[in-house]
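Data block below; observations after.
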Amino acid sequence: MELQDKRVLVAGGSSGIGLAVARAAAAAGAAVTIAGRSGTRLEAAAATIPRAVERLPLDIGDEEQVAHAVAGRPPFDHIAVTAGEVRTAPLRKQKIAEAMAGMNTKFWGAWRVASLVPVVEGGSITLTSGAFAQRPAAGRVIAGAINAAIEGLARGLALELAPTRVNVVSPGLVDTPLWAGMPADRRQALFEKTAAALPARRVATAEDIAALYLTCMTVPVVTGTVLLADGGHVLV
Ligand SMILES: NC(=O)c1ccc[n+]([C@@H]2O[C@H](COP(=O)([O-])OP(=O)(O)OC[C@H]3O[C@@H](n4cnc5c(N)ncnc54)[C@H](OP(=O)(O)O)[C@@H]3O)[C@@H](O)[C@H]2O)c1
């Protein structure tokens with residue numbers, strides 16, 4: 001399967017992994033649409049992609065916005081969902097509303113996109129989980145629970161939406177703007193410590209991870225599966 005002239009939507013395409021997916025798909029000849037909440041961020045991201053891409057402002061946490069944004073559009077050939085924001089804290093210190101907000105954007109956001117955005121029969125949807133699904137971490141339980149739920153969602157949708165293929169990419173630590181809020185010295189220390197502990201001895205770049213979304217889009221027998229891109233985190 002080629003991506004030349006295919007219509008590809010990347011929900012979360014204005015930053016990090018999603019932006020790398022958008023760049024890679026555009027480089028492969030796809031007609032790419034990037035979606036995210038901030039119009040400014042979408043414009044800035046589009047300016048870094050050598051080919052023209054469509055910008056679609058929407059919040060996947062809001063059903064009406066998703067439905068409105070895609071109303072009357074032709075179906076996409078491939079959809080990648082990297083959008084979602086999850087705040088983590090120890091169970092007894094986290095307000096349930098905050099945990100539910102993470103579930104609303106990342107899990108229900110993926111659900112909304114799969115449910116409301118038209119995709120061609122035989123196309124693909126690729127969702128994003130994270131290493132905590134397989135290797136939960138004390139103090140970050142909600143992130144693991146949301147990621148595990150997304151993996152379950154994809155397995156079910158691979159059956160229900162067949163022959164459209166549905167998969168998940170599960171990254172470990174990735175050097176993206178997600179970590180921009182952490183002081184630079186602490187971030188550097190975290191990345192170095194993580195790389196040293198991983199069998200792959202490196203923290204992923206967004207481009208490392210993006211390659212797997214393109215695999216999910218283009219390999220016609222990949223469905224209902226989770227592609228781990230965690231540097232071997234599940235083994236240690
Ligand atoms: N980076 C890591 O270390 C890592 C590790 C494991 C898993 N992951 C997962 O990988 C995914 C992508 O992470 P990243 O590092 O690429 O993050 P990022 O650089 O912060 O990018 C997140 C993207 O999603 C968009 N977004 C966030 N909430 C949205 C919403 N409600 N509706 C629409 N768009 C929304 C953001 O744009 P706006 O803010 O403008 O909406 C942005 O384009 C996330 O699901 C994350 O949990 C990341």
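When a/c is below 1.5 the answer is rounded, else prolate if a/b is larger than b/c, else oblate, so apply that to segment 125-177 with a ≥ b ≥ c taken from the square roots of the Cα gyration tensor eigenvalues. Kindly include the intermediate steps, with their values, before the conclusion.
On the way: a/c = 3.56, a/b = 1.78, b/c = 2.00.
Oblate, since a/c reaches 1.5 and b/c is not below a/b.
Got a sec? Charge dipole of the chain, +1 on Cβ for Lys and Arg, -1 for Asp and Glu; which of Leu178, Pro220, Val236 is way out at the positive end?
Of the options given, the answer is Val236.
Work out which helices of the chain, taken as complete DSSP H runs, extend at least 15 Å along their axis over the Cα atoms and score a mean Kyte-Doolittle of -0.5 or more, then list them.
Details: long enough: 16-27 (17 Å, 1.50); 141-160 (28 Å, 1.19); 184-197 (20 Å, -0.61); 206-218 (18 Å, 0.94).
Counting only whole DSSP H runs, the qualifying helices are 16-27, 141-160, 206-218.
Can you give the convex hull volume per residue for the Cα atoms of the chain, as a whole number of Å³?
Working: hull volume 29.1 nm³, N = 236.
Spelled out: Cα convex hull of the chain, divided by residues, is 123 Å³.
About the Cα centre of segment 73-192, what is the dipole size in debye to 20, counting +1 per Lys and Arg Cβ and -1 per Asp and Glu Cβ, all else neutral? Can you show the working numbers first?
Numbers: 13 positive and 9 negative charges, 94 e Å.
So the dipole magnitude of segment 73-192 works out to roughly 460 debye.
Per 10 Å bin, what percent of the C-alpha pairs of segment 31-168 does each bin hold, from zero upward?
Pairs per bin, as whole percents: 12, 37, 34, 15, 1.
Of the residues Leu157, Leu42, Leu198, which exhibits the maximal mean-square fluctuation in a Gaussian network model of the chain defined by a 10 Å Cα contact cut-off?
Looking only at Leu157, Leu42, Leu198, the biggest GNM fluctuation is shown by Leu198.
In the Gaussian network model of the chain, springs joining C-alpha atoms below 10 Å, which of Asp77, Asp62, Asp185 carries the largest mean-square fluctuation?
So, out of Asp77, Asp62, Asp185, the one fluctuating most is Asp185.
Of the candidates Gly156, Gly84, Gly12, which one comes out as most mobile in a Gaussian network treatment of the chain with C-alpha springs shorter than 10 Å?
Gly156
Throughout, read-outs are computed from the coordinates displayed, never taken from laboratory work. Source: prediction; values computed, not measured. Virtual Cβ from ideal backbone geometry, glycine too; neighbours counted across all protein chains shown.
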